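Note sheet for the following structure.
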Amino acid sequence: MIIFPKAQYPLNRGCVDSIDPEKLRMQQSHPSPSVNLAAYCQQTADLARDASTDLAQLPSPAKNQWLVASAQHLLRHSEKIIVANNCDLDHARNIGLSPATLDRLRLDTHRIQIIADAMLAIARLDDPIGQIIHSSVRPNGLKVEQVRVPLGVIFFIYESRPNVTADAAALCVKSGNAVILRGGKEALHSSRAIVDLLTEQVNACGIPAGAVQLVQTTDREAVGHFLRMSHCIDVAIPRGGRGLVERVCSEARMPVIKHFDGNCHVYVDAHADLEMAERIVINSKTQRMGVCNACESLLVHEQIAPLFLPRIALLLAEQQVEIRGDATVCRWIMNAQSANEDDWSTEYLGPIISIRVVGSPAEAIQHINRFGSHHTDAVVTDSLQVATEFTRQVDSAAVMVNASTRFNDGGELGLGAEIGISTDKLHARGPCGLQALTSYKYLVHGSGHIRQS
């Protein structure tokens, strides 16, 4: 049996200051030469497959007990998580990662409390496994039931947001799935600390070993090994940049649920309340700039552009957001930079926004459907006709009316948390909560029925 050792957590904040950054990178990128990477990946997948069989039969109270106990355990040992997170933050600063990436990576007591609250919220949700989606009795007396079942084993590969580690583990266990977590290398210490604490609670709660596993190497070849294991892994879920998602889609031999780019728009209509529009635009863009549901593009109706553009420019300037606009925008906003074609389709994940003036709601919708990523788009309007037209024609996973794009989030929409926000249409779309991590099977009950034709 091949086991990677658990991380050792230093007791001081500057735990990587004395380590050569290049040496640390090499240590994190390659497992011990004595370890066979392919065998390690196979062992991990086999353990998850065995666990998934038991998880599918596990009663709801056992899963909920683990969620509650794990949430409490994380809070009791929050200092351990913060120490590990500081290691990641120090290393991230040493290699020059962006402020937006550092913000996604950072954990503190408040954010750990949010992680724990999400686990408790998931515990309170109805267990989807065994739910009867549809039931009918055929004319011949056969009773047909469509019943929710787990997907099985999920390989989840995601960016450097350590809170996602706990969210994914919680959602997968509650929905009866085993999960193999492969987080970003920048969050390796944080994710290890979280998974160590979560797995410390499995025995007492009757959760099978292997239900939650973290890939203990950042070697990119490990991803390829897992993506070829369709005999053990049922679904791959990539959550990260375009390069990651495209690689997974290209190499995976199992179905993929994609969490793609978040080039999100806010359209301010001619019939908008401008004060409301200001609040929504600023919240959508600046509440957290490095997340997938942040606004990256603003569309403004030409009738209100002379009044609204100078006002929103001042508010964006207060948040140090750079504006890249079309000719009309540059005419009304003196410090705006001229936008090029690429700006309309760019997910900035930072303090830049593209702004375009449009002549009608139809033009705004056309722009969004052409340049957007089908993630989250919002309209601000007092017109029911415009709102209806926008919601019917914008082809995105979530469409907001008079609300911030930041609400496209599993917790905000009542799902407890999400494993990602899918821009697919099959099999799941939008925030992927418990139900998105299930499939179904048909149960057919007869009384000696035989088919006659």
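Each value in this text was obtained by applying a stated rule to the coordinates, not by laboratory testing. In this text, all values refer to a predicted model and were calculated from it rather than measured experimentally. With ideal geometry, Cβ positions are generated from the backbone for all residues, glycine too; neighbour counts draw on all protein chains shown.
Values computed for the structure shown
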quantity	calculated
Burial ranking of peptide ranges 327-334, 167-174 (average Cβ count within 10 Å, highest at the top)	167-174, 327-334
Residue pairs, from the table Lys258/Lys285; Lys185/Lys425; Lys63/Lys425, whose Cα atoms sit over 27 Å apart	Lys185/Lys425; Lys63/Lys425
Relative frequency of Cα-Cα separations exceeding 43 Å in the chain, percent	20 percent
Rg [Å, one decimal], Dmax [Å, integer] - the range 219-285, C-alpha atoms	19.2, 55
Largest-first ellipsoid semi-axes for the range 21-251, taking √(5λ) over the Cα gyration tensor eigenvalues, angstrom	32, 22, 16
Residue order, fewest to most surrounding Cβ atoms within 10 angstrom, among Tyr442, Tyr158, Tyr348	Tyr442, Tyr348, Tyr158
Protection proxy ranking of 386-396, 431-441 - average other beta-carbon atoms within 10 Å, highest first	431-441, 386-396
Proximal aspartates and glutamates relative to Lys80, as straight alpha-carbon distance under 16 Å, when same-chain residues fewer than 8 apart are discounted	Asp88, Asp90, Asp108, Asp196, Glu200
Mean Cβ neighbour count within 10 Å, used as a protection proxy, ranking 373-379, 40-46, 305-311, 256-262 highest first	373-379, 256-262, 40-46, 305-311
Whole-Hz ³J(HN,Hα) from phi, Karplus 6.51 cos²θ - 1.76 cosθ + 1.60, for the range 262-276, glycine and proline x	x, 8, 9, 10, 10, 9, 9, 7, 4, 9, 7, 6, 5, 5, 4
Relative contact order (%) - the range 264-407, alpha-carbon pairs under 8 angstrom, separation at least six	34 percent
Relative contact order (%) - criterion: Cα under 8 Å, at least six apart; region: the range 95-252	23 percent
Among Val399, Val380, Val164 the positive-end extreme of the charge dipole of the chain (Cβ point charges)	Val164
Contact order relative to length of the chain, as percent, for alpha carbon pairs under 8 angstrom and 6 or more apart	17 percent
Whole-angstrom Cα spans of the range 274-362 along principal axes, big to small	31, 30, 28
Ellipticity estimate at 222 nm from DSSP helix runs (n ≥ 4, -39,500 (n - 2.57)) divided over the chain, nearest 500	-13000 deg cm²/dmol
